[in-house]
Amino acid sequence: EMLRSPVGSEMCIETDVAYTEAYHYHGLILVRLAAFQEGESRKKNLEYAVEQFDKALALNASYTPTFEAKGDALRLLGEFEKALATYAAYLKIDPERLEIIEKRGDTYVEMAETAKAKSKPNDEIANYKSAITEFEKVVRVDADNERVWKLSLIHISEPTRLLSISYAVFCLKKNKSK
(Lines give C-alpha, C1' and ligand atoms only; values in the text may rest on other atoms or scores of the structure.)
Protein backbone atom coordinates (compact mmCIF):
# COMPACT_ATOMS: atom_id res chain seq x y z
CA GLU A 1 0.00 0.00 0.00
CA MET A 2 1.14 3.51 -0.76
CA LEU A 3 2.42 5.46 2.22
CA ARG A 4 1.17 9.00 2.53
CA SER A 5 2.51 11.77 4.70
CA PRO A 6 1.50 11.96 8.35
CA VAL A 7 -1.68 13.90 9.04
CA GLY A 8 0.18 17.10 9.99
CA SER A 9 2.05 17.27 6.67
CA GLU A 10 -1.04 16.32 4.68
CA MET A 11 -2.96 19.16 6.34
CA CYS A 12 -0.18 21.58 5.47
CA ILE A 13 -0.28 20.52 1.84
CA GLU A 14 -4.06 20.79 1.64
CA THR A 15 -4.42 24.13 3.42
CA ASP A 16 -1.40 26.02 2.06
CA VAL A 17 -1.41 25.36 -1.68
CA ALA A 18 1.11 28.14 -2.30
CA TYR A 19 3.76 26.21 -0.41
CA THR A 20 5.85 24.72 -3.23
CA GLU A 21 8.46 23.22 -0.93
CA ALA A 22 5.86 21.13 0.92
CA TYR A 23 5.02 19.27 -2.29
CA HIS A 24 8.71 19.08 -3.20
CA TYR A 25 9.78 17.53 0.11
CA HIS A 26 6.76 15.25 0.20
CA GLY A 27 7.91 13.91 -3.18
CA LEU A 28 11.49 13.49 -1.93
CA ILE A 29 10.31 11.48 1.06
CA LEU A 30 8.32 9.20 -1.22
CA VAL A 31 11.35 8.66 -3.48
CA ARG A 32 13.49 7.80 -0.45
CA LEU A 33 10.83 5.41 0.81
CA ALA A 34 10.67 3.74 -2.61
CA ALA A 35 14.39 2.95 -2.33
CA PHE A 36 13.48 0.41 0.38
CA GLN A 37 10.61 -1.13 -1.54
CA GLU A 38 10.11 -3.48 -4.46
CA GLY A 39 7.41 -4.18 -6.99
CA GLU A 40 4.10 -2.40 -7.07
CA SER A 41 4.59 -0.52 -3.77
CA ARG A 42 7.82 1.00 -5.09
CA LYS A 43 6.20 1.94 -8.39
CA LYS A 44 3.17 3.53 -6.71
CA ASN A 45 5.30 5.63 -4.37
CA LEU A 46 7.48 6.83 -7.25
CA GLU A 47 4.39 7.71 -9.30
CA TYR A 48 2.91 9.54 -6.31
CA ALA A 49 6.22 11.39 -5.87
CA VAL A 50 6.04 12.54 -9.50
CA GLU A 51 2.51 13.82 -8.82
CA GLN A 52 3.82 15.81 -5.85
CA PHE A 53 6.64 17.26 -7.95
CA ASP A 54 4.10 18.24 -10.63
CA LYS A 55 2.04 20.07 -7.99
CA ALA A 56 5.15 21.92 -6.81
CA LEU A 57 6.03 22.91 -10.38
CA ALA A 58 2.46 24.05 -11.02
CA LEU A 59 2.94 26.54 -8.19
CA ASN A 60 6.49 27.56 -9.11
CA ALA A 61 7.61 26.61 -12.62
CA SER A 62 11.16 27.79 -12.00
CA TYR A 63 11.92 25.77 -8.86
CA THR A 64 14.90 23.85 -10.23
CA PRO A 65 15.34 21.36 -7.34
CA THR A 66 11.92 19.94 -8.19
CA PHE A 67 12.83 19.49 -11.86
CA GLU A 68 15.90 17.51 -10.79
CA ALA A 69 13.98 15.39 -8.28
CA LYS A 70 11.18 14.70 -10.77
CA GLY A 71 13.71 13.67 -13.43
CA ASP A 72 15.39 11.32 -10.96
CA ALA A 73 12.04 9.75 -9.99
CA LEU A 74 11.12 9.28 -13.66
CA ARG A 75 14.46 7.55 -14.28
CA LEU A 76 13.76 5.19 -11.39
CA LEU A 77 10.42 4.41 -13.02
CA GLY A 78 12.19 3.68 -16.31
CA GLU A 79 10.43 6.60 -18.01
CA PHE A 80 13.62 7.81 -19.64
CA GLU A 81 12.14 10.11 -22.31
CA LYS A 82 10.11 11.95 -19.67
CA ALA A 83 13.19 12.21 -17.46
CA LEU A 84 15.18 13.73 -20.34
CA ALA A 85 12.40 16.25 -20.97
CA THR A 86 12.32 17.17 -17.28
CA TYR A 87 16.09 17.66 -17.15
CA ALA A 88 15.84 19.76 -20.35
CA ALA A 89 13.26 21.98 -18.63
CA TYR A 90 15.72 22.48 -15.77
CA LEU A 91 18.48 23.42 -18.24
CA LYS A 92 16.24 26.08 -19.80
CA ILE A 93 16.36 27.82 -16.43
CA ASP A 94 20.00 27.07 -15.60
CA PRO A 95 21.82 25.89 -18.77
CA GLU A 96 25.24 25.68 -17.10
CA ARG A 97 24.28 23.16 -14.39
CA LEU A 98 26.80 20.37 -15.07
CA GLU A 99 25.18 17.84 -12.73
CA ILE A 100 21.98 17.95 -14.77
CA ILE A 101 23.86 17.56 -18.04
CA GLU A 102 25.61 14.53 -16.49
CA LYS A 103 22.24 13.12 -15.46
CA ARG A 104 21.07 13.46 -19.06
CA GLY A 105 24.14 11.49 -20.12
CA ASP A 106 23.47 8.88 -17.43
CA THR A 107 19.89 8.58 -18.67
CA TYR A 108 21.05 7.92 -22.23
CA VAL A 109 23.42 5.24 -20.90
CA GLU A 110 20.49 3.61 -19.09
CA MET A 111 18.47 3.78 -22.29
CA ALA A 112 21.35 2.13 -24.20
CA GLU A 113 21.58 -0.66 -21.62
CA THR A 114 17.83 -1.21 -21.91
CA ALA A 115 18.14 -1.36 -25.71
CA LYS A 116 21.01 -3.83 -25.38
CA ALA A 117 18.89 -6.06 -23.14
CA LYS A 118 16.12 -5.95 -25.75
CA SER A 119 18.60 -6.77 -28.54
CA LYS A 120 18.09 -3.44 -30.31
CA PRO A 121 21.65 -2.52 -31.39
CA ASN A 122 20.62 0.55 -33.42
CA ASP A 123 18.86 2.07 -30.40
CA GLU A 124 21.81 1.12 -28.21
CA ILE A 125 24.25 2.92 -30.53
CA ALA A 126 22.02 6.01 -30.85
CA ASN A 127 21.65 6.28 -27.08
CA TYR A 128 25.37 5.88 -26.45
CA LYS A 129 26.08 8.59 -29.01
CA SER A 130 23.60 10.87 -27.23
CA ALA A 131 25.27 10.05 -23.89
CA ILE A 132 28.65 10.98 -25.33
CA THR A 133 27.24 14.27 -26.63
CA GLU A 134 26.01 15.11 -23.12
CA PHE A 135 29.29 14.07 -21.49
CA GLU A 136 31.25 16.17 -24.00
CA LYS A 137 29.27 19.22 -22.85
CA VAL A 138 30.43 18.56 -19.30
CA VAL A 139 34.04 17.99 -20.32
CA ARG A 140 34.14 21.25 -22.29
CA VAL A 141 33.45 23.09 -19.04
CA ASP A 142 35.15 20.70 -16.60
CA ALA A 143 37.98 18.92 -18.45
CA ASP A 144 39.07 17.13 -15.29
CA ASN A 145 35.70 15.55 -14.57
CA GLU A 146 36.90 12.00 -13.92
CA ARG A 147 33.41 10.68 -13.23
CA VAL A 148 32.33 11.39 -16.80
CA TRP A 149 35.43 9.79 -18.28
CA LYS A 150 35.15 6.70 -16.11
CA LEU A 151 31.44 6.32 -16.72
CA SER A 152 31.78 6.51 -20.49
CA LEU A 153 34.64 4.01 -20.48
CA ILE A 154 32.94 1.57 -18.11
CA HIS A 155 29.70 1.43 -20.07
CA ILE A 156 30.94 1.81 -23.60
CA SER A 157 34.29 0.07 -23.95
CA GLU A 158 33.17 -3.47 -23.17
CA PRO A 159 34.59 -6.02 -25.63
CA THR A 160 31.08 -6.90 -26.81
CA ARG A 161 30.42 -3.37 -28.04
CA LEU A 162 30.11 -2.59 -31.71
CA LEU A 163 32.99 -0.86 -33.45
CA SER A 164 31.09 2.42 -33.90
CA ILE A 165 30.60 2.70 -30.13
CA SER A 166 34.28 2.01 -29.48
CA TYR A 167 35.13 4.65 -32.07
CA ALA A 168 32.88 7.14 -30.27
CA VAL A 169 34.82 6.51 -27.06
CA PHE A 170 38.08 6.96 -28.92
CA CYS A 171 36.85 10.31 -30.26
CA LEU A 172 35.82 11.40 -26.78
CA LYS A 173 39.26 10.44 -25.41
CA LYS A 174 40.98 12.17 -28.32
CA ASN A 175 39.05 15.40 -27.70
CA LYS A 176 40.16 15.41 -24.06
CA SER A 177 43.83 15.40 -25.01
CA LYS A 178 43.48 18.61 -27.04
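The values are calculated or read from the model by the stated rules, or taken from the named source; none is laboratory data. Note that this is a predicted model, so its numbers are computed, not measured. As a convention, Cβ positions derive from the backbone with ideal geometry for all residues, glycine included, and neighbour counts pool all protein chains shown. These area figures cover heavy atoms from the full protein model, side chains too; ligands, DNA and RNA do not enter into them. Shrake-Rupley method; radii C 1.70, N 1.55, O 1.52, S 1.80 Å.
Hey, what does the equivalent ellipsoid look like for segment 41-129, semi-axes from the Cα gyration tensor as sqrt of 5 times each eigenvalue, largest first, whole Å? Present the calculation step by step, with values, prior to reporting the outcome.
Numbers: eigenvalues 119, 58, 12 Å².
The answer is 24, 17, 8 Å, longest axis first.
Full-extension gain between Q37 and E51, please, as 0.36 nm times their residue separation minus the C-alpha to C-alpha distance.
Details: separation 14, 0.36 × 14 = 5.04 nm, distance 1.85 nm.
Stretched out fully, the Q37 to E51 stretch lengthens by 3.2 nm.
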**Item:** Solvent accessible area, Å² - K118, 1.4 Å probe, full protein context
**Value:** 130
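Say the cut-off is 23 Å between C-alpha atoms; which of K70/K116; K82/K120; K44/K82; K92/K118 go over it? Mind dumping the intermediate values first?
On the way: K70/K116 26 Å; K82/K120 20 Å; K44/K82 17 Å; K92/K118 33 Å.
Distance filter (> 23 Å) returns K70/K116; K92/K118.
Using a Förster distance of 30 angstrom, determine the FRET efficiency expected from the C-beta separation of K129 and K44, and round it to 0.05. All intermediate terms of the calculation are to be shown ahead of the outcome.
Values: r = 35 Å, r/R0 = 1.15.
Once the sixth-power term is evaluated, E becomes 0.30.
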**Prompt:** What do the square roots of 5 times the Cα gyration tensor eigenvalues come to for segment 80-139, in whole Å, largest first, as semi-axes of the equivalent ellipsoid?
**Reply:** 22, 12, 7
**Message:** Please compute the length gained on full extension between V141 and Y19, using 0.36 nm multiplied by the number of residues separating them and subtracting their Cα-Cα distance.
**Reply:** 40.4 nm
**Asked** Quick one: if the Förster radius is 25 Å, what FRET efficiency do A58 and L98 give, using the C-beta to C-beta distance and rounding to 0.05?
**Response** 0.35
